[in-house]
Structure formats: structure tokens, C-alpha cells
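To start, the structure itself, in C-alpha cells.
Readers should treat all values here as calculations from the given coordinates under stated rules, not as data from a laboratory. The model shown is predicted, which means the values in this text are computed figures rather than measured ones. Cβ: placed from backbone, ideal geometry, glycine included. Neighbour counts: every protein chain shown.
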């Protein structure tokens, strides 16, 4: 089955700097790669997703890149703000309505 | 449009008791997914259901755990004879499944924190 790895497990950045989280997946059949943000005591919230027919997608300060050949994908957050502090999960699935397999998470702290 | 509703938010059970966790999907959503999250870990897939059918239960423990999503009412995750190792946050997600794979997304509830004493 699919296995998703994620690095780093913790990340601290100064406000205004960029943050990068990297993930790898094992199943070449995966075609859908969502990213979730989880704040303390809350459920995961989808922040951006990318499908295998696209190499890059951007939404304001957030961008994701996908290298299907190498089976890795990344999340980039620019101009970080304290409210970006949370746990971020990458995930992979064959399609967006299949079960989604999550990475172990990255705890991001943005220092004011 | 209310989001995915889970109740209770917190559930305390003694070893050997039964736990019943409820999930009402977003309006119009016909697919429900259950995930378990242990402290400082990622979410582990348990089961995927649509109305009256289990689609994928590959993540469900073979014993004591069951899930249903009846034609009417919420989806229920049932854990019989709970043990301390069952203590975790259980999250439910739903999706509309309109048959368009390019536009499906999972929406998560706030979870049920199960504590087994």
C-alpha cells in the first residue's frame, strides 16, 4: 500500500521568511496530493491540493510542486505569519475520493 | 451549510465498555471516511463508507471495531470492549462524490477525543 514520508518533523521560521515541507510517496498509482493544516484541537483543513497532471500550483502565499518521476512533492509558504503556525500534513491518494494516506506531519512555528 | 459534525467531542470510557462515535456528513455528501490520530502522529485511515455500504475497511482492526452509515442518520464508529490503546482522536471526513474525480475534496470534522480509563 501507499506510504507517505514527510520532512522535517518540526520547523521554526522567523515571521516573513519562507517555509518548505517535503514529502515522498511510494505508490506510483497515486495521482492526488492534498495538503492539510491542523490547528490545536481542530480537525485537518484542506489548504491546497495538486493532481498528477500538474507540476505546480499556487494560491496566494502557498505553492505546491510535484515531481511524479521522483515521487516527491513539496509545500512552500512565503511571507510566513504567526497564524501559519500549525501542524501540516501532506497526503496521497489514487483519486480524490479514494482513501487518503497521510504523512506523519510537520509542526511549523512562526516566530514573531 | 454546516460542516461535518462529530459528537461527542470528548468521550470517556472505562476498559471493557463500548464507545459509539457519531458523524453527520456535510449536506449533500454521500461518502464518509473515519481516521484515527494518536498523540503527535499523523492520521491513520480506518474505513470508507457510502450510504449502507462499506467501500474500504482495510484500516479497521479485525476485532472490536465496526462502522456503519445507514440510509438515514449519522455514520457510527463503534468500538466494543475498549482498551487503553484505543485512546485517540477519531476524525470523520465526508465528500460529495459527484463522480467528478477532478473536483472531489475531503472535509473533516473536529473529531472525538476518546479516553479509556
Cα-based Rg and Dmax for region A:62-112, where Dmax is the largest Cα-Cα distance (Å)
13.1, 39
If you average 1/r over every pair of different alpha-carbon atoms in region B:1-88 and take one over that average, what Kirkwood value in Å do you get?
13.7
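Using the 2.2 N^0.38 Å rule of thumb for compact globular proteins, work out how region A:2-48 stacks up: its C-alpha Rg over that value, please.
Details: Rg = 13.0 Å, N = 47, 2.2 N^0.38 = 9.5 Å.
Rounded to two decimals, the normalised Rg is 1.37.
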With the alpha-carbon atoms as the only input, what is the per residue convex hull volume for the protein assembly as shown in Å³?
125
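Per the Kirkwood formula on distinct C-alpha pairs, the Rh of chain A is how many angstrom? Walk me through the numbers before you get to the answer.
On the way: mean 1/r = 0.0718 Å⁻¹.
Result for chain A stands at 13.9 Å.
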Mind telling me which of A:12, A:30, A:85 comes out most flexible in a GNM of chain A, alpha-carbon contacts under 10 Å?
A:12
Please tell me the relative contact order of chain B in percent, rounded to the nearest whole number, where contacts are Cα pairs under 8 Å and at least six residues apart.
36
GNM on chain A, Cα springs under 10 Å; top mean-square fluctuation among A:43, A:55, A:16 goes to A:43
Other protein chain Cβ atoms within 10 Å, averaged over every residue that makes up A:82-89
1
Among A:94, A:83, A:56, which one shows the biggest mean-square fluctuation in a GNM of chain A, springs joining Cα atoms closer than 10 Å?
A:83
